[in-house]
Amino acid sequence: MKRESYSMDEIMPVIRMSLKNNGNFTMVPKGTSMEPFIHGGRDKVVLEPLPAQIKKYQIILYQRDDGSYVMHRVVGKDSSGYIMRGDNQSVNERGITKNQMIAKVKNIIRDGKIIDAESPVELFLLKVHMLWKKIR
C-alpha cells in the first residue's frame, strides 16, 4: 500500500481542528534534527494541545517566522522567548513565542511501541545523550 505524503501547509488545518477539539493528531515527521529520539520517516508522533505551562525538555511543534514548521525540544527560556533545539543539533533557536507553538508531542510510536515523550526513562536517556554530545 502506498503511503500518501502531504505538506505541513496541507495538513495544518486538520491538525489545528483536531487540537482545538481537545483531540490528538498522529503524524510521521520528516528530517533528522530530533534523532536519536525521533527518526523522521520511520517513527510517528502523537501531538496533543499545548499545556498551560511549557516546560523544559518538552517537544513542541511550532512555526518559524519564515512559515516553516519545526518540531524541536524546549531547552530553556530567556527574555526573548523560548529556546529550542533539535536533539541532533548543536545550535539553539531563540525567541520562539507561545503564539508560534502549535502542539506538544505526547507520544513517540516506534516499531508499534508507544513511548511517553516525557517519561522518566526518556528524560534520563535525553540527559545522557546531551552529556555525551558535550563530551564529544
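The values are calculated or read from the model by the stated rules, or taken from the named source; none is laboratory data. Keep in mind that what you see is a predicted model, and the values were worked out from it rather than measured. Backbone-built Cβ (ideal geometry, glycine too); neighbour counts: all protein chains shown.
Within the range 108-136, count every residue that is more than 21 Å from Leu47 (Cα to Cα) and not in a helix (DSSP H, G or I).
Result for the range 108-136: 1.
Just for the range 35-51: of the residues that are touching a strand residue (DSSP E or B) at 6+ places or on another chain (Cβ under 9 Å) and among the acidic types (Asp, Glu), which one is farthest from Gly23 (Cα to Cα)?
My answer is Asp43.
Check Ser79, Ser18, Ser33 and return the single one that is of a type in the set (Gly, Ala, Ser) and over 19 Å from Ala117 (Cβ atoms).
Sole residue among the options that is of a type in the set (Gly, Ala, Ser) and over 19 Å from Ala117 (Cβ atoms): Ser79.
Out of the strands (runs of 3 or more DSSP E) lying entirely within the range 11-89, which hold 2 or more residues that are more than 29 Å from Leu131 (Cα to Cα) and either more than 10 Å from the chain's Cα centre (by Cα) or free of Cβ contacts under 8 Å to residues at least 24 places away in the same chain (or both)?
Here the list reads 25-27.
Which number in (1) surrounded by 14 or more Cβ atoms within 10 Å (Cβ to Cβ); (2) more than 25 Å from Glu4 (Cα to Cα); (3) modelled with pLDDT under 95 marks the one condition that Glu35 misses?
Glu35 satisfies all of (1) surrounded by 14 or more Cβ atoms within 10 Å (Cβ to Cβ); (2) more than 25 Å from Glu4 (Cα to Cα); (3) modelled with pLDDT under 95 except (2).
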